[in-house]
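The values are calculated or read from the model by the stated rules, or taken from the named source; none is laboratory data. Computed from a prediction, not measured in an experiment: that's the story for all the values here. Here the Cβ positions follow ideal geometry from the backbone for every residue, glycine too, while neighbour counts run over all protein chains shown. Each accessible area value is taken on the protein alone, full model and side chains, heavy atoms only, with ligands, DNA and RNA left out. Shrake-Rupley method; radii C 1.70, N 1.55, O 1.52, S 1.80 Å.
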Amino acid sequence: MHKRIKASQVAQVREALLKHQGYRCVLCNESLKANSKKNPVLDHDHQTGFLRDVLCRNCNGMEGKVFNLARRAKASMTELEWLRRLISYYEKHETPQYGGVLHYTHRTEEEKRLARNKKARLRRAKAKAEAAK
């Protein structure tokens, strides 16, 4: 038999879990103490209803979005299997594969800096030409 908390118990349960968690969001590890800017929320599994942990509002929202996207992407596997495969995929590609070839739309930080400088030079030249009129 499972217990269900009442709405009036949320604050008490959240505080007890926060204390157990050391007043930290278990995902981003940011402080969830009363004076922090993070807003602690009581997370639960939307399929089973079971309480999980206290997360900051941002992580709670992101967790829900990621899980829902995994649900859409999963094909014949579970959401967790798909997420594990995604993590494995990211870990594999921490080291460039395929000779380190860059995608044609990617710009390095140096290329972005040069483009910003060019744009600024053109803006200054235009302003100078306008002032000379």
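Can you list the lysines whose alpha carbon sits under 23 Å from that of Lys92, skipping same-chain ones fewer than 8 residues off? Of all the lysines, those that pass the test against Lys92 - Cα under 23 Å, at least 8 places apart if same chain - are Lys74. Taking the accessible area of the chain, probe 1.4 Å, and keeping the other protein chains in place, the carbon and sulfur fraction comes to 55%. Taking Lys and Arg as +1 and Asp and Glu as -1, the other residues whose beta-carbon sits under 10 Å from that of Lys38 total +3. For Lys37, the lysines whose Cα comes closer than 28 Å to its Cα, not counting residues fewer than 8 places off in the same chain, are Lys6, Lys19, Lys65. Extending 7 Å from Cα along the Cβ direction at Glu15 and again at Leu27 yields two label points whose distance is 2.6 nm.
Label separation (Arg113 vs Ile87): 3.6 nm, computed from points 7 Å beyond Cα along the C-beta direction.
Within the listed set Lys92, Lys74, Lys112, the Gaussian network model of the chain (springs between alpha-carbon atoms below 10 Å) gives the highest mean-square fluctuation for Lys112. Solvent exposure of the chain, expressed per residue, is 87 Å² of accessible area, with all protein chains present and a 1.4 angstrom probe.
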